[in-house]
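Peer 1: I am attaching a structure below and will ask some questions about it afterwards.
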Amino acid sequence: MAHKDLREFIAALDKTGHLVKVKQEVDWNLEVGAIIRHSYEIQAQATLFENVKGSQGVRILGGPCATYARMALAMGMDAGTSVKEIAKEFDKRIANPIKPMLVSSGPCKENILKGKDIDLFKFGAPMVHDGDGGRYIGTWHTIITPDLDSNWVNWGMYRQMIHNETMMGGLLLPIQHIGRIFQKYEKANKPMPFATVIGTEPLCAMASILSPAAGVNEVDLAGGLRKEPVDLVKCETVDLEVPAHAEIVIEGHVLPGVRVDEGPFGEYTGFSSAPRSPRPVYEVSCITHRHNPIQTVSNMGVPVDDSDVVSTMAFRNEAVRALAGLPIVEVAMPPNASCHLIVASVQRAYSGIAHHVANAIWGSKLGVLIPFVVVVDADVDVFNLGEVVHAIVMKCHPIRGVHPQPNSPGHALWPFLNFHERQWGQAAHLLLDCTWPVDWDPNIEIPAKISFGTSYPKALQNKVLSNWGNYGF
């Protein structure tokens, strides 16, 4: 069963030893961010801050899904479930979307703030990193926006910085759905309605990171991940519907033709690579929230954090669908690579299969998100980063196996791009072909692999494994 709300998920974290409750007062100005960031780097538990300076009654949950164990718990699975098993279950659920259910009200309506009562600063939004352009209230959330000329409603996770009590700013890139939708509104000189939803149970946030085709409603995919519908309730000031059990909902419009400086921000790449620049503005018309609300915070930076865990699972699912019909064995995205690397294992059915795989990925929506593709043979476990590295250094010829693709579209936040390339989205892609050539003689040219699984009779393998404890291990 899906968790009803964030509080139920927090209880599950606490029960399984995956939560630390910080009761002493902590400062929103860098201290909260520093604690969350260090917890990532030592692979500690999620952190519930119960006493945030200057924020009466507001709590902060840091790092809700920064490990695969916590992601498994969010999906109602055992914390010890392997990454491969989580991935298979994730794919299965995404393939079975469930429509949401509209309800008359919900806990997110316990407090309704309008007019002079609106104050974005009251929710303890942290200064996440030293050097950030401001306090970011949107780091682990959902932004809901309606398409101008269809029934499509997009859910996405895009950063939001507080400008003042009633205004926020953020990146709305044209390679993202929110950017394309906003372009329509701005061309028509119309304000774009939005609702920022903070503190849902984790599967709704995960659905916001998915990368489906334009026109696909992520709320249906959230239902699939939950295996039950998402309860939605109508907003107060915009014609949108939001998860009824959310902790905080911020409503308003993105203004056409208005730009205010936003950023910089320490991003998912582990770098602060986009300078402060004039960007679109979110004008807030209403805030609703639960009693003693909980804000969810992700401190993006050097992997591994929430973004790396969930985004790699979401983008991997998109890659699996993009590669449908090819002789693919398995697909993985190592979280350490911050969504920049896909590894696919294949059956060597024909020459050039690695190029076929890479072109299928780069020709999909993932092309502007993932610059590196590694293709390996079927005997490599793509979920084992050690085996992948071994395949690269042993099977990828330094000249024949390396295939750059210049002048391709890319993401403005990729740190390796120069200023001009970031400004115009100009990038490059790279394929590493780590497969044995299909015309090599397996008895002469392909060397034998030496490992426990390939160098010993199966009966002996089973004997060793069954007696492992008896050996003293």
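The values are calculated or read from the model by the stated rules, or taken from the named source; none is laboratory data. Keep in mind that what you see is a predicted model, and the values were worked out from it rather than measured. For neighbour counting, all protein chains shown are included, and Cβ atoms are generated from backbone atoms with ideal geometry for every residue, glycine included. Side chains are part of the model used for accessible areas, which takes the heavy atoms of the whole protein and leaves out ligands, DNA and RNA. Shrake-Rupley method; radii C 1.70, N 1.55, O 1.52, S 1.80 Å.
Peer 1: Here's a check for you: in the stretch 273-289, which residue that is modelled with pLDDT of 95 or more and among the aliphatic types (A, V, I, L, M) is surrounded by the fewest Cβ atoms within 10 Å (Cβ to Cβ)?
Peer 2: Val281
Peer 1: Go through the stretch 18-42 and give me each residue that's of a type outside the set (A, V, I, L, M), assigned to a loop (DSSP other than H, G, I, E, B) and farther than 29 Å from Gly224 by Cβ. Lay out the reasoning, then the answer.
Peer 2: Taking the stretch 18-42 as the starting set, the residues that turn out to be of a type outside the set (A, V, I, L, M) are 18, 21, 23-25, 27-29, 31, 33, 37-41.
Remaining after also requiring assigned to a loop (DSSP other than H, G, I, E, B): 18, 23-25, 27-28.
Listed by number, the residues that qualify are Lys23, Gln24, Glu25, Asp27, Trp28.
Peer 1: Right, next: Go through the stretch 208-221 residue by residue and tally those that are touching a Ser or Thr at 6+ places or on another chain (Cβ under 8 Å) and crowded, with 18+ Cβ neighbours inside 10 Å.
Peer 2: At the first step, the residues of the stretch 208-221 found to be touching a Ser or Thr at 6+ places or on another chain (Cβ under 8 Å) are 208-209, 215, 218.
Next, only the ones that are crowded, with 18+ Cβ neighbours inside 10 Å stay: 208-209, 218.
Adding up the residues that qualify gives 3.
Peer 1: Separate question: Which residues, taken from the stretch 154-178, are under 19 Å from Ala314 (Cβ atoms), surrounded by 20 or more Cβ atoms within 10 Å (Cβ to Cβ) and touching a residue at least 40 places away in the same chain (Cβ under 8 Å)?
Peer 2: Asn154, Trp155, Gly156, Met157, Arg159, Leu171
Peer 1: Tell me whether the stretch 127-145 contains one or more residues that are surrounded by 24 or more Cβ atoms within 10 Å (Cβ to Cβ) and at pLDDT below 95.
Peer 2: For the stretch 127-145, residues surrounded by 24 or more Cβ atoms within 10 Å (Cβ to Cβ) and at pLDDT below 95: present.
Peer 1: In addition: hydroxyl-bearing (Ser, Thr, Tyr), buried (at least 18 other Cβ atoms within 10 Å of the Cβ) and within 19 Å of the chain's Cα centre (by Cα) - does that describe any residue in the stretch 79-86?
Peer 2: No: the stretch 79-86 contains no residue that is hydroxyl-bearing (Ser, Thr, Tyr), buried (at least 18 other Cβ atoms within 10 Å of the Cβ) and within 19 Å of the chain's Cα centre (by Cα).
Peer 1: Return a yes/no flag: does the stretch 248-269 have any residue that is under 30 Å from Ile361 (Cα atoms), of a type in the set (Val, Ile, Thr), open to solvent by less than 20 Å² (accessible area, probe 1.4 Å) and modelled with pLDDT under 95.
Peer 2: yes
Peer 1: So, one more: Hey, could you check the stretch 451-467 for residues that are assigned to a loop (DSSP other than H, G, I, E, B) and more than 21 Å from Glu387 (Cβ to Cβ) and say which is most open to solvent (accessible area, probe 1.4 Å)? Write out each step before concluding.
Peer 2: Quick first cut of the stretch 451-467, residues assigned to a loop (DSSP other than H, G, I, E, B) only: 451-457, 467.
Okay, now just the ones that are also more than 21 Å from Glu387 (Cβ to Cβ), so 457, 467.
Values: Pro457: 84, Asn467: 44 Å².
Within the stretch 451-467, the match that is most open to solvent (accessible area, probe 1.4 Å) is Pro457.
Peer 1: Every residue in the stretch 76-114 that is more than 27 Å from His18 (Cβ to Cβ) and not in a loop (DSSP other than H, G, I, E, B), please.
Peer 2: Those that are more than 27 Å from His18 (Cβ to Cβ) and not in a loop (DSSP other than H, G, I, E, B): Met101, Leu102, Lys109, Asn111, Ile112, Leu113, Lys114.
Peer 1: Further question on the same structure: Among all residue pairs at least 6 apart or on different chains, which show Cβ distances below 8 Å where the first residue, located in the stretch 215-243, is without any contact (Cβ under 8 Å) to a residue 12 or more places away in the chain and the second is open to solvent by 40 Å² or more (accessible area, probe 1.4 Å)?
Peer 2: none
Peer 1: Residue check: is Glu218 touching a Cys at 6+ places or on another chain (Cβ under 9 Å), of a type outside the set (A, V, I, L, M, F, W, C) and farther than 22 Å from Ala412 by Cβ? It would help to see each step written out before you state the result.
Peer 2: Values: touching a Cys at 6+ places or on another chain (Cβ under 9 Å): yes; of a type outside the set (A, V, I, L, M, F, W, C): yes; farther than 22 Å from Ala412 by Cβ: yes.
For Glu218, the condition - touching a Cys at 6+ places or on another chain (Cβ under 9 Å), of a type outside the set (A, V, I, L, M, F, W, C) and farther than 22 Å from Ala412 by Cβ - is met.
Peer 1: Let me ask something else about it. When you go through (1) of a type outside the set (Val, Ile, Thr); (2) under 21 Å from Val375 (Cα atoms); (3) surrounded by 16 or more Cβ atoms within 10 Å (Cβ to Cβ) one by one for Ala412, which number turns out not to apply?
Peer 2: Going through the list (1) of a type outside the set (Val, Ile, Thr); (2) under 21 Å from Val375 (Cα atoms); (3) surrounded by 16 or more Cβ atoms within 10 Å (Cβ to Cβ), Ala412 breaks only (2).
Peer 1: Right, Leu102: open to solvent by 30 Å² or more (accessible area, probe 1.4 Å), modelled with pLDDT under 95 and not charged (D, E, K, R) or not?
Peer 2: Values: open to solvent by 30 Å² or more (accessible area, probe 1.4 Å): yes; modelled with pLDDT under 95: no; not charged (D, E, K, R): yes.
For Leu102, the condition - open to solvent by 30 Å² or more (accessible area, probe 1.4 Å), modelled with pLDDT under 95 and not charged (D, E, K, R) - is not met.
Peer 1: Counting only residues that are more than 11 Å from the chain's Cα centre (by Cα) and not aliphatic (A, V, I, L, M), which one in the stretch 295-310 is farthest from Glu41 (Cα to Cα)? Even if it seems obvious, please write down each step before you answer.
Peer 2: Step one: filter the stretch 295-310 for residues more than 11 Å from the chain's Cα centre (by Cα), giving 295-297, 299, 301-304.
Pick out the ones that are also not aliphatic (A, V, I, L, M) and you get 295-296, 299, 301, 303.
Values: Gln295: 22, Thr296: 19, Asn299: 11, Gly301: 10, Pro303: 8 Å.
Top of the filtered list is Gln295.
Peer 1: So Pro202 fits all but one of (1) on the phi > 0 side of the Ramachandran plot; (2) open to solvent by less than 10 Å² (accessible area, probe 1.4 Å); what number is the exception?
Peer 2: Going through the list (1) on the phi > 0 side of the Ramachandran plot; (2) open to solvent by less than 10 Å² (accessible area, probe 1.4 Å), Pro202 breaks only (1).
Peer 1: Could you list all residues from the stretch 11-33 that are among the hydrophobic types (A, V, I, L, M, F, W, C) and open to solvent by 30 Å² or more (accessible area, probe 1.4 Å)?
Peer 2: Residues of the stretch 11-33 among the hydrophobic types (A, V, I, L, M, F, W, C): 11-13, 19-20, 22, 26, 28, 30, 32.
Residues satisfying the conditions are Ala11, Val20, Trp28, Leu30.
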